[in-house]
């Protein structure tokens, strides 16, 4: 009866057969294998191992025989430099959210719409994000060097603009070093947030803002009651990225100040490097890593639960 | 909004910000053409005499080229390995139904919740156990692993948007899942692949902390590590240092100018579309 099947359906039959012959579990396993192997070996396993190693005093070379329970964690939370480092991370995160993000949002609002040359400005503002932290650190170390003319210029400008400003060293002054690092971080990262805001603003239908102004809202009211609420998803995302970004900051701090002067700019990652790796205390370093991991994980889960539910709703489906 | 004074204020503001953004880069680029004394005393002026010695010195420096090569190897290897494994996995997550799929997918998403810097010390210990220290291949494995979560998130979304009919058509034509993946899905997903690759490039090219722990032998140094070393050695020779960092930054900047669209779409797509 084969002759009765139209030729185009004959092809379909062949296709069906092929599809049934495929061993689906095998295909799934093979396709997942490379990613799963990489991910479990290099992302999941190191954290699990660190949790185990964190219970030991271990210099990284000898046998793992000095079990100390949770002593490393007790020591960590009593260790003043650790608490300072945690505080510095919080300060940097707070400054990023309170200063850097509003500036980025303001600029995004300025160069949205039809401002001629906006593409050029957008490109310029984004350049620092592409430049590596190590290069950024070299340039800004030069700029902040108190013996060089560049820092004199900055000091005189600020002295002129800010009434209570005291000119002086930046990276060498424990009171100013965090501000100086924050300036560099903002220089490097505001462009990223600005790009995210611009993308978010593009998704807001212009009719809504126009409707608000037709209803008699002025520009500020439209911004505050319409634009910013509609941008809240993006704003929550940038806050999230800012917090995680400040926790992971190492390169700039280490190259520009090594956490000094006298721990004044120590952050969690430089603390882990100094007290875990440089001083050959890998057991202790592992416990610091576990705490950093838990901080990130708890923050991510809580934050996403509260603020980003809609956005990541797609994650679980 | 359309008042001329508003426009002027807009331009004044963005111009001031542009000066702040470009000023440090200006100091570096032109500083490389100055004597160190002039750079230190007149960082903002154009060079009185244009000196090529600093740039020439760096271009003649074997270690600079070695680091450039190492960075390129690690970057290309990372992109290839991460894109390959992430797209295979994304295919399964996007187009196949099976028990436990969402759980496995969510486990992969843990990688989005903590940055690689947090895990550097445990990674160092693991790499030492596996004999992957002082090896560019070891760096590639780790960097690719940490790119997976973000890539899978972006690619799964993209793969889902490809119409079901195309998949059926492949099977009707006698192809299997791999044919569909390789011949249909990947070629159609070029925008997502490009965005992913662009992000991985920026990540890999700029990474310092991992190479700092994993590489002892200078032969394997990548550019950020080389920059750090050069910074330590030439603190009194600023114009040479500036020439070094300008040449080290050049590939990334050229790449940015060529791939701006992909970088931006990768960042905005990955961060905003869950």
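Tabulated data for the structure shown
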{"quantity": "A:233, A:281 arranged by Cβ crowding within 10 Å, fewest neighbours leading", "calculated": "A:233, A:281"}
{"quantity": "For chain A, calculated [θ]222 nm from helices alone, where every DSSP H run of n ≥ 4 adds -39500 (n - 2.57)", "calculated": "-21000 deg cm²/dmol"}
{"quantity": "Per-residue Cβ neighbour rank within 10 angstrom, fewest leading, A:156, B:36, A:287", "calculated": "A:156, B:36, A:287"}
{"quantity": "For the stretch B:119-223: rounded, prolate or oblate by the Cα gyration tensor [a/c cutoff 1.5]", "calculated": "prolate"}
{"quantity": "Alpha-carbon Debye profile of the stretch B:56-126, log10 I(q)/I(0) at 0.21, 0.23, 0.27 Å⁻¹", "calculated": "-1.05, -1.10, -1.15"}
{"quantity": "Coarse-grained scattering of the stretch A:21-136 at q = 0.10, 0.20, 0.21 Å⁻¹, given as base-10 log I(q)/I(0) from a Debye sum over alpha-carbon atoms", "calculated": "-0.75, -1.13, -1.17"}
{"quantity": "Neighbouring partner chain Cβ atoms per residue of B:225-232, average, 10 Å criterion", "calculated": "3"}
{"quantity": "Shielding by other protein chains, B:124-135, mean Cβ within 10 Å", "calculated": "3"}
{"quantity": "Residue order, fewest to most surrounding Cβ atoms within 10 angstrom, among A:306, A:143", "calculated": "A:306, A:143"}
{"quantity": "The stretch A:240-303-the stretch B:1-61 distance, computed between alpha-carbon centres (Å)", "calculated": "33"}
{"quantity": "Chain A pair-distance distribution - Cα-Cα, 20 Å bins, rounded %", "calculated": "23, 45, 24, 7, 1"}
{"quantity": "Residue-averaged 222 nm ellipticity for chain B, from DSSP H runs of 4+ at -39500 (n - 2.57), nearest 500", "calculated": "-24000 deg cm²/dmol"}
{"quantity": "Förster radius 22 Å - calculated FRET efficiency between residue A:112 and residue B:253 (Cβ-Cβ, nearest 0.05)", "calculated": "0.30"}
{"quantity": "Evaluated at q = 0.10, 0.11, 0.12 Å⁻¹: base-10 log I(q)/I(0), Debye formula over Cα of chain B", "calculated": "-0.69, -0.80, -0.90"}
{"quantity": "Alpha-carbon centroids, the stretch B:154-181 and the stretch A:52-95: separation in whole Å", "calculated": "49"}
{"quantity": "Per-pair calculated FRET efficiency, R0 = 45 Å: residue A:51 and residue A:91 via Cβ, rounded to 0.05", "calculated": "0.95"}
{"quantity": "Equivalent-ellipsoid semi-axes of the protein assembly as shown, from the Cα gyration tensor, Å, largest first", "calculated": "42, 32, 25"}
{"quantity": "Shape category assigned to the stretch A:164-288 from the gyration tensor of Cα positions, a/c cut at 1.5", "calculated": "prolate"}
{"quantity": "Inter-label distance, nm, simple model (7 Å from Cα along the C-beta direction), residue B:96/residue B:129", "calculated": "2.9"}
{"quantity": "Peptide A:282-291 - average C-beta neighbours from other chains (10 Å radius)", "calculated": "3"}
{"quantity": "Label zone at residue A:152 (point 7 Å along Cα-to-Cβ), backbone N below 20 Å, the stretch B:209-240", "calculated": "B:236-239"}
{"quantity": "Candidates A:257, A:238, A:41: whichever shows maximal mean-square fluctuation once chain A is modelled as a Gaussian network with Cα springs under 10 Å", "calculated": "A:41"}
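Bear in mind that the values in this text are calculations on the coordinates, not laboratory data. The structure displayed is predicted, hence computed values, not measured ones. Counting neighbours? That spans all protein chains shown, and the Cβs are built from the backbone with ideal geometry, glycine included.
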